[in-house]
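Presented below is the structure to which this report refers.
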Amino acid sequence: MLVLGIESATAQVGVAIGGHEGVLASAHSSRDRRHAENLTPQIAFVCEQARVEISEISVVAVDVGPGLFTGLRVGIASAMAVAHALGVPMIGVSSLDLGAFAVRHSPKQIAACYDARRGEVFAARYRSVPGGVQRISEPAVWQPDDFAAELLAGGEDVLMVGDGGIRYREVFEPVASVDFAGPGTAHPSARSLVELAHPRALREEFVSPSEIQPLYLRKPDAEINWQTRDNR
C-alpha cells in the first residue's frame, strides 16, 4: 500500500511517498510561499524518484492544520483533487502531530509550536509513547507569553519544535525548562506525514475526500481585516 503525503501548512511545501518499506522519496521547498506553483512539480518529482506511477497510489494523506490559511487551502485542495482523480481514500493529520512526531524519541515533554502570524502561535503539548507521540493538550491559538506561562506552570522539562519557537525564542528562552529542537524541525515534514499515515492506512482509518476538514482555529486574515474595517 503506497501513501502519497502532501504537506503545506506553513511556509514550506512538502511531498513524500512511502509504504511498508518506509519513505521511498520526499521533497521539501520553501520559496516565497508559492504553494500552488510548487506542489504539482513536487508530486511529479517524488513519483519519479520513487519509481512509482501516480496510478499506484492507494491513499492520499494531507496535513489538515492548524496552519496558514493559504497554504492549507492549496494543500488540501490539491490532495483532494488527486484522491478524487485516483478514486482513493484520504487520511488527515494535524501539523502539530507531525512536528511532535519528528522528535518522538525525546524523553522530555514535547511542545509543537508554529508561527500563526499576528503575534500568535499554534501549539499543543505531547508525550513520547511507544511508536510515536500522544497529545496531552488540544491544538490552540496562543499568545507566546501565555504559552510560555503554560509551560512554566507544568513544571516539566520541555523540548520545543517548530518555527513558532524560533520566532519567539526570546519569550520562551527565559523558561528554564525549555530547550529547542534544531532548525531542521522548523516545519512539519511530509516524511513524518507518510510515516504516521501508513499504519493508519493499514488499519483502514480512511475518510472520503469530502470528509477532509481543515483545522484553521481562527478566521482567515482577510476576513478579520474586513470585519475590523466594518466595525470602524
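Since every read-out is calculated from the coordinates, none of them should be taken as a lab result. This is a predicted model, so every value here is computed, not measured. Every residue, glycine among them, receives a Cβ derived from its backbone with ideal geometry; neighbour counts consider all protein chains shown.
Beta bridges from DSSP with both residues in the chain: antiparallel share about 65 percent, rounded to the nearest 5. The ranking of 216, 126 by Cβ neighbour count inside 10 Å, starting from the fewest, reads 216, 126. DSSP beta bridges fully contained in the stretch 55-124 are about 50 percent antiparallel.
How do 69, 45 line up, fewest other C-beta atoms within 10 Å first?
On the way: 69 19, 45 15.
In increasing order of surrounding Cβ atoms, one gets 45, 69.
Could you please rank 28, 35, placing first whichever residue has the fewest other Cβ atoms within 10 Å of its Cβ? Present the calculation step by step, with values, prior to reporting the outcome.
Values: 28 17, 35 24.
Listing 28, 35 from fewest to most nearby Cβ atoms yields 28, 35.
Based on the alpha-carbon gyration tensor of the stretch 71-159 and its eigenvalue square roots a ≥ b ≥ c, which shape applies: rounded if a/c is under 1.5, prolate if not and a/b is larger than b/c, or oblate? Mind dumping the intermediate values first?
Details: a/c = 3.63, a/b = 1.62, b/c = 2.24.
Oblate shape, in that a/c is at least 1.5 and b/c is the bigger or equal ratio.
Where both bridge residues fall in the stretch 96-185, DSSP classifies roughly 65% of the beta bridges as antiparallel. Extension gain, residue 203 to residue 105: 0.36 nm times the residue separation minus the Cα-Cα distance gives 32.9 nm.
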